[in-house]
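See below for the structure under consideration.
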Amino acid sequence: MSDKDKEETNSFNKLSIFIDNNLRVIRLGVTVCMGIGLIFIARSARMLKTFTSVSEIPQTFFNKHIKLRGMVKGIDKSGILMVQHVPVYRPFFIRSRDNNFLNVKLLGVELHENGHSWMKSHLLDKHIWFQLFSIDNKRVLECMVFKGENIIAQSRTNINELLIENGLATVATIKEIENKQKASKVVQKFIKAEMQAQKKERGLWVNTSPGIMDKLSSIKDRFRDWRNHVKKSLMFSQSRMLKYFRKKD
């Protein structure tokens, strides 16, 4: 036997001994890799999933305020968007179901007539991103809506805020969001946009009879009422938690 054959035999023997001595570790490694693969496949399947009804959307998507992509196929009289969900990635062999739409309402926005016309001109048959917040009692998704095809979120336009700051909509009370702090931040942001629209007399605020100070005072009153509502909700939640822990003790 040549020296080369001896070296190959020794290498094979060493490998066999190593496998025998570390068989449990190798099996564990294979199992872990399979588990990671299954998790990746599950997540990929979720990315490929096309939602055709509200009931199909997992609750975790609302808790984490996940953004979904879609195309606006219609807008009703109240400003609700009929959106066809478009997954982030759709293989060529998966066909879309064009007749199944999700009803999407702009969160925290009371739309006015000019706002409805603007949405028809700028959103109909266009791709949007809609960030999930809650579902109202009519099974309509309450969302933050963004326009823009760019993957970078910062480059997209927030439609809710844009309508308010251009006087095409006013701030509406947000009731359905369980996270009151998150809701409060959204309302504060929208109220600042509305104050800006009133100050610059945009849209529905053009040539209105009340003076600017009256308008600002009205907005401040609305914000104070909202803040008091949030405080009461938080105090009620705290009292329920205290009662719960007292019962356990």
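The values are calculated or read from the model by the stated rules, or taken from the named source; none is laboratory data. Because the structure is predicted, anything quoted here is derived from the model rather than measured. A quick note on method: Cβ atoms are made from the backbone with ideal geometry, for glycine too, and the neighbour counts reach across all protein chains shown. Surface accessibility is based on the protein's heavy atoms, side chains included, excluding ligands, DNA and RNA. Shrake-Rupley method; radii C 1.70, N 1.55, O 1.52, S 1.80 Å.
Given Lys49/Lys105; Lys138/Lys182; Lys77/Lys199; Lys126/Lys175; Lys138/Lys199; Lys73/Lys182, which pairs have Cα atoms separated by over 32 Å?
Among Lys49/Lys105; Lys138/Lys182; Lys77/Lys199; Lys126/Lys175; Lys138/Lys199; Lys73/Lys182, the Cα-Cα distance tops 32 Å for Lys138/Lys199.
Check Ile57: other-chain or 5+ apart residues with amide H under 5 Å from its amide H, H built from backbone geometry?
So Ile57 has HN proximity to no qualifying residue.
Hey, if we sort Val88, Val54 by accessible area with the 1.4 Å probe, largest down, what's the order?
From most accessible down to least: Val88, Val54.
Out of residues 5 or more away from Glu142 or on other chains, whose amide H comes under 5 Å of its own, with H placed 1.01 Å from N in the peptide plane?
Amide H neighbours of Glu142, under 5 Å, 5+ apart: Lys105, Phe133, Ser134, Ile135, Asp136.
Just grab the label-to-label distance for Asp136 and Val206, each label 7 Å out from Cα along the Cβ direction, in nm (one decimal).
So the label points at Asp136 and Val206 sit 2.8 nm apart.
Amide H to amide H under 5 Å from Ala172: which residues, 5+ apart in sequence or cross-chain, H placed 1.01 Å off N in plane?
Val109, Glu110
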